[in-house]
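Accompanying notes for the structure given below.
The values are calculated or read from the model by the stated rules, or taken from the named source; none is laboratory data. Note that the coordinates shown come from a computational prediction; the quantities given were computed from them, not determined experimentally. With ideal geometry, Cβ positions are generated from the backbone for all residues, glycine too; neighbour counts draw on all protein chains shown. For accessibility, only protein heavy atoms count, side chains too; no ligands or nucleic acids. Shrake-Rupley method; radii C 1.70, N 1.55, O 1.52, S 1.80 Å.
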Amino acid sequence: MAMSLRDRILAVYRGQTPDVVPYMLDLSHWFYHKNHMPWDLSQSFPEPERELIDYHREKGVGFYVANLGSFYSVSYTNGVSADVEKRNSDGSVEIVWRYTTPIGSIERTRIWHEQTYSWHIREWGLKSEGDLKVLGYALKSRKYEPNWDNYQAWVDYVGATGVVYLPVGYSFLGHLFSLWMGLEGTTYATVDWPDTMREVADQINQNALEQVDLAAQSPAEIVIMSDNISGDVQSPRFFGEWSQSYHEEAICRLHAAGKHVAVHIDGRLRGALRTFSDVGADCGDALTPAPMGDLTPLDCREEAGPDFILSGGLSPNVWLPNVDTQTFKKA
């Protein structure tokens, strides 16, 4: 009897051999674009995205990423308010995220780009050392409540079509690189304001571990750490200095609760695979091999060691219409 997509995914995490390699994709962005559906970063989904899940099921594709799933509620203490505003600007729609605290206010902006069907970063939110302190104050003041009924509704609807990974939010560096400062600003800040960076890193990461502890109590089998890791951005040395202790602690807590842990590595793989294998993660997610990635599949295995799960896809170039079927199958 053939295994289900769900059975195959879980078998790999358990160190077993499935009947065939699991086939799972995050089709959300493509699906929204194809069907001209809203893609709104200012909202979340308490209910399962049934149309998206149905499409995975219809095509025999495993489901695993509930983008914008509403699995936690976040509130703020210490006089912090968090606001999200969607508005029109020069004929385009933009979203503004704003924190107001007793020590100041910060905001960041993204603008809709129809051609790429995505929200471009219009303005980074942190421009001074004082802004960085405001971010630390705001994010250390978060309080989390679980919405496990929402999560279970996704699991029930996905059924045998896949496994719903439970996300935990960004670490300190994830917030800075992806949301608030960008690569250049964050890198300069480690040199220009090292003491403040250390202080804010501790504030944000200690708070993030509170969400990790909730995830450890969840019904999920697999927890995914959401930082957008790239080996050329977070080199092993940089990672060791600014992020390793948080990831080691988070993975340790999740493993102690019997959870498997995936890490979202959607950039360069050299250095990143070995780093996360060494800190105890079970799986690297969203891996892109050569030629558009920097390592071949065999190089990935050598870099990661024998037990680290390599979860990814084909290099994007082989999906193009001019690529013949045999080349696609070989890849």
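Side notes on the structure shown:
- Computed from phi, the 3J(HN,Hα) profile of the stretch 23-34 under the Karplus parametrisation 6.51, -1.76, 1.60 (θ = phi - 60°) reads 10, 9, 9, 9, 9, 4, 4, 4, 5, 4, 5, 4 Hz, with x in place of Gly and Pro.
- In the context of the full protein assembly, Glu303 retains an accessible surface of approximately 20 Å², using a probe radius of 1.4 Å and ignoring ligands and nucleic acids.
- Nearest-20 debye value, the chain charge dipole, Cβ charges on Lys, Arg, Asp, Glu: 300 debye
- For the chain, relative contact order (Cα pairs under 8 Å, six or more residues apart, normalised by length) works out to 13 percent.
- Between helix 148-158 and the chain there is an angle of about 30 degrees, using the helix long axis and the longest principal axis of the Cα atoms.
- The chain: angle of helix 50-59 to the longest principal axis, Cα-based, in degrees nearest 10: 30 degrees
- Accessible surface of Leu214 - all protein chains present, 1.4 Å probe, nearest 10 Å²: 30 Å²
- Label separation (Phe328 vs Tyr188): 4.5 nm, computed from points 7 Å beyond Cα along the C-beta direction.
- Taking every DSSP bridge with both residues inside the chain, close to 65 percent are antiparallel.
- A probe of 1.4 angstrom, applied to the heavy atoms of all protein chains, finds Asp227 with accessible area near 10 square angstrom.
- For trypsin sites (Lys or Arg not before Pro), the sites in the stretch 94-199 that DSSP calls loop and that have at most 14 other Cβ atoms within 10 Å are Lys127.
- Counting only aspartates and glutamates at least 8 places from Lys140 when in the same chain, those with an alpha carbon closer than 14 Å to its own are Glu199, Asp202, Glu210.
- Ranking of Ser89, Ser141, Ser105 by solvent-accessible surface, largest first: Ser105, Ser89, Ser141 (1.4 Å probe, protein heavy atoms only, all chains present).
- Selection of chymotrypsin sites (Phe, Trp or Tyr not before Pro), the stretch 92-176, meeting DSSP coil and at most 15 other Cβ within 10 Å: Tyr117
- Take the Cα of Ser128, step 7 Å toward its Cβ, do the same at Glu58, and the gap between the two points is 5.3 nm.
- Each label point was placed 7 Å from the Cα along the Cα-to-Cβ direction; for Thr17 and Asn88 their separation is 6.2 nm.
- With every protein chain in place and a 1.4 angstrom probe, the accessible-area ranking of Met1, Met197, Met37, largest first, reads Met1, Met37, Met197.
- For the chain, radius of gyration divided by Kirkwood radius, i.e. Rg to Rh on alpha-carbons: 0.95
- Ordered from highest to lowest accessible area with the whole protein assembly present and a 1.4 Å probe, Glu248, Glu58 read as Glu58, Glu248.
- Spin-label zone in the stretch 216-243 - amide nitrogen under 20 Å from a point set 7 Å from the Cα of Glu302 along the C-beta vector: 231-232, 236
- Where Rh is the Kirkwood radius over Cα pairs, Rg/Rh for the stretch 156-283: 0.98
- For the chain, the longest principal axis of the alpha carbon atoms and the long axis of helix 182-192 meet at an angle near 50°.
- Figure legend: label point modelled 7 angstrom from the Cα of Ser315 along Cα→Cβ; residues of the stretch 264-295 with amide N under 12 Å from it are 288-295.
- Legend: distances between Cα atoms for Lys34/Lys59; Lys59/Lys86; Lys34/Lys330; pairs beyond 23 Å are Lys59/Lys86; Lys34/Lys330.
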